[in-house]
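The structure appears below as structure tokens.
The values are calculated or read from the model by the stated rules, or taken from the named source; none is laboratory data. Because the structure is predicted, anything quoted here is derived from the model rather than measured. Neighbour counts are summed over all protein chains in view; Cβ atoms, including those assigned to glycine, are modelled from backbone coordinates with ideal geometry.
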Amino acid sequence: MFQQAQIPVITEVFPLAQNPNRVRLFSKREDLLHPIISGNKWRKLKYNLLAAREAGETTLLTFGGAYSNHIHAVAGAAKEYGFKSIGIIRGEEHLPLNPTLAEAVKMGMEIHYLDRSTYRLKHTGAVIRKLQKQFGKFYLIPEGGTNALAIKGAAEIVRGIENDYDYFCLACGTGGTATGVITGLAGKGQVLGFSVLKGDFHAGEIKSWLQKQQQGQLSNWQVNTSYHFGGYAKFDWRLIKFINDFKRAQQIQLDPVYTGKLFYGVCEHIKQGFFPEQARVLAIHTGGLQGIKGFNQRFNNLIIT
Ligand SMILES: Cc1ncc(COP(=O)(O)O)c(C=O)c1O
């Protein structure tokens, strides 16, 4: 189980036009880990699936929005490793299904919907008991996949490369992947998270996850909150132009929700001289490319693929 993933490659991104401190930028292509369970999803699911298998569970149940990378990845993982999967989707059904949900269903996921106010209470005992009554026994994976086992898996993103870079940059949704990277580095380098949501709650979330892992002493990290482009899944023409220019110049596909914002923020930091002279900066490509189909369908093929 979880043996056949490719080793993700690290490539150097071409020298950027404005790079006053001659920083060297690299990308760890976690998006190449697996065609469906890509990027941080593979890392976050690995130990959860092993735990589910060990506990004799046969059904995975999880939550997500209608375009969720996590929903798509759980559907793919369940199919590949022989679990039944149930996806509880926020809001009402919209037909025809968007590409994310259509592919999830095609991979065998059973889709159900929760109205937004119940969805907000999805991790409470009352809602879980109701779901158990409805679906029977299941292994619960939280929305976004973040739990202690996900953090353990995410720590492996930096295994063996802890000493190779001065900065490790990644997009933050729940902050679980960043927490894993911080624990994996065990104090080496600097972790720079880029929040893809509006608000400054990430630092608190990461801190509390680190404390739960008895790693509260680690302080070599920070979260930048300036590149969310208005909030989760929000964008403007600057972001779209950046993603398309980056694809043309570097032949690396970025998505508009996570990695586009990450690389935009990292390149702005380079331009502005944030990183010291000749720093080695690693931007972790956490996947999420499945979402482009649905985005392009809604927004008139803005993203070049
Ligand atoms: C492609 C991608 N990158 C980054 C993230 C952020 O990960 P985390 O929620 O662990 O912060 C997510 C999902 O949440 C994602 O789908």
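Pick out the one residue from 220, 224 that is modelled with pLDDT of 95 or more and touching a Ser or Thr at 6+ places or on another chain (Cβ under 8 Å).
Exactly one residue qualifies, and that residue is 224.
Taking residue 266, is it under 25 Å from residue 177 (Cα atoms) and in contact with a Cys (Cβ under 6 Å, 6 or more places away or on another chain)?
yes
Being assigned by TED's automatic domain parsing to the domain that holds residue 74 and within 14 Å of the ligand (Cβ to nearest atom): is that true of residue 100 here? Give the derivation first.
Numbers: assigned by TED's automatic domain parsing to the domain that holds residue 74: yes; within 14 Å of the ligand (Cβ to nearest atom): yes.
Yes, satisfied.
What's the number of the condition residue 231 fails, among (1) surrounded by fewer than 23 Cβ atoms within 10 Å (Cβ to Cβ); (2) closer than 19 Å to residue 150 by Cβ?
(2)
Quick test for you: out of 262, 210, 282, pick the one residue that is out of contact with any Phe, Trp or Tyr (no Cβ under 8 Å at 6 or more places or on another chain) and among the aliphatic types (A, V, I, L, M).
None of the others qualify; the one that does is 210.
Pick out the one residue from 243, 206 that is closer than 23 Å to residue 12 by Cα and within 16 Å of the ligand (Cβ to nearest atom).
243
Restricting attention to the stretch 188-209, which residues are surrounded by 18 or more Cβ atoms within 10 Å (Cβ to Cβ) and modelled with pLDDT under 95?
Selection gives 202 alone.
Determine whether residue 255 is of a type in the set (Asp, Glu), modelled with pLDDT of 95 or more, within 12 Å of the ligand (Cβ to nearest atom) and in the same structural domain as residue 234 (by TED's automatic domain parsing).
yes
Give the residue that is surrounded by the most Cβ atoms within 10 Å (Cβ to Cβ), with candidates limited to residues of the stretch 159-180 that are touching a residue at least 60 places away in the same chain (Cβ under 8 Å) and out of contact with any strand residue (DSSP E or B) (no Cβ under 9 Å at 6 or more places or on another chain).
180
With the structure loaded, tell me whether residue 269 is in contact with a Ser or Thr (Cβ under 8 Å, 6 or more places away or on another chain) and at pLDDT 95 or above or whether it fails that test.
no
Quick one: how many residues across the stretch 182-198 are assigned to a loop (DSSP other than H, G, I, E, B) and under 18 Å from the mean Cα position of the chain (by Cα)?
Total meeting the criteria: 3.
Assigned by TED's automatic domain parsing to the domain that holds residue 269 and either surrounded by fewer than 16 Cβ atoms within 10 Å (Cβ to Cβ) or within 12 Å of the ligand (Cβ to nearest atom) (or both): does that describe residue 22?
Yes; evaluated as a whole, the condition is true for this residue.
Got a number for residues in the stretch 163-195 being within 14 Å of the ligand (Cβ to nearest atom) and of a type outside the set (Val, Ile, Thr)?
Qualifying residue count for the region: 15.
Which count do you get for residues in the stretch 258-305 that are of a type outside the set (D, E, K, R) and away from the ligand (no atom under 16 Å from the Cβ)?
Filtering the stretch 258-305 for residues of a type outside the set (D, E, K, R) gives 258-260, 262-267, 269-270, 272-276, 278-279, 281-292, 294-297, 299-305.
Add one more test, that the residue is away from the ligand (no atom under 16 Å from the Cβ), and what stays is 267, 269-270, 272-276, 278-279, 281, 296-297, 299-302, 304.
The qualifying residues number 18.
Which residue is surrounded by the most Cβ atoms within 10 Å (Cβ to Cβ), if the candidates are limited to the stretch 64-91 and must be away from the ligand (no atom under 12 Å from the Cβ) and part of a strand (DSSP E or B)?
Looking at the filtered set, the residue picked out is 87.
Which pairs do you get when a residue that is in the same structural domain as residue 119 (by TED's automatic domain parsing) and closer than 20 Å to residue 65 by Cα, found in the stretch 135-146, comes within reach of a residue that is more than 10 Å from the ligand (Cβ to nearest atom) and part of a helix (DSSP H, G or I), reach meaning Cβ atoms under 6 angstrom, with the pair 6+ apart or on two chains?
139/52; 141/48
Just one of (1) over 27 Å from residue 282 (Cα atoms); (2) crowded, with 23+ Cβ neighbours inside 10 Å trips up residue 51, so point out which.
In the conditions (1) over 27 Å from residue 282 (Cα atoms); (2) crowded, with 23+ Cβ neighbours inside 10 Å, residue 51 misses (2) alone.
So if I check each of 101, 114, which one is surrounded by 15 or more Cβ atoms within 10 Å (Cβ to Cβ), more than 29 Å from residue 285 (Cβ to Cβ) and free of Cβ contacts under 8 Å to residues at least 60 places away in the same chain?
114
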